[in-house]
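The values are calculated or read from the model by the stated rules, or taken from the named source; none is laboratory data. All values reported here derive from a predicted model rather than from experimental measurement. Neighbour counts are summed over all protein chains in view; Cβ atoms, including those assigned to glycine, are modelled from backbone coordinates with ideal geometry. Side chains are part of the model used for accessible areas, which takes the heavy atoms of the whole protein and leaves out ligands, DNA and RNA. Shrake-Rupley method; radii C 1.70, N 1.55, O 1.52, S 1.80 Å.
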Amino acid sequence: MAEPIKLAYFMAVKEGASYLGGLLVTDTSGIPLDFRYTEPITPTRLQGILYGKSLEPHLKEEVIQKTLLKELKAQPDLFIVGPAELAGGWSGDAKWPVLAVQKSQEPPLARVGEVFRAGARDLLIQLAEGAAPLRVMFAGSVEAAAQEQAVPKLLEAGYHMDLTEPLERVGAALQSLVVKGS
């Protein structure tokens, strides 16, 4: 029997002067298998000066992401980040295909399961009859072969769950940590 597909949803946010991150691993039904988070990290004024504009990417990718990945028990098949993280030129160090998913405003494709390549790193995947297709954007580091291998995993999971919703849960969980810590 094939190993169940695991999807990792990663988010790192800035709240006030602090940064924190969360990583949720789900099965293809959206059921949590593992959740890890960091406590808020507040850089010093000196670090802000020395790192300059590279401080935020360094904290999110080198400190938060790597810390959370080391702690994971369930190894994911796909590593999903927010579209803004990917658009910012994702350079994180994930061992799995890194991608973002978002609901599109495109007209439905001809049939459920159809995939349309909108660009070298962009796909539209029809997951439900009559609904707008899901937009999938891969990080620049994900080669075409890995993109093709990711599609059946996304299709399988997308038949059972809203692929964009778990990232919202990670954001809500992080927000609850910020409120709790206040």
List the residue pairs whose Cβ atoms are under 8 Å apart, where the first residue sits in segment 22-49 and is closer than 19 Å to ILE64 by Cα and touching a residue at least 12 places away in the same chain (Cβ under 8 Å), the second is part of a loop (DSSP other than H, G, I, E, B) and open to solvent by 70 Å² or more (accessible area, probe 1.4 Å), and the two are 6 or more positions apart or on different chains. ASP34/LYS73
Just to confirm my filter: which strands (runs of 3 or more DSSP E) fall fully inside segment 70-182 and include at least 1 residues that are at negative phi and open to solvent by 80 Å² or more (accessible area, probe 1.4 Å)? 98-103, 115-117
Based on this model, can you work out whether LEU33 counts as within 25 Å of GLY158 (Cα to Cα), among the aliphatic types (A, V, I, L, M) and open to solvent by 80 Å² or more (accessible area, probe 1.4 Å)? yes
Residue check, PRO43 open to solvent by 70 Å² or more (accessible area, probe 1.4 Å) and of a type outside the set (A, V, I, L, M): no
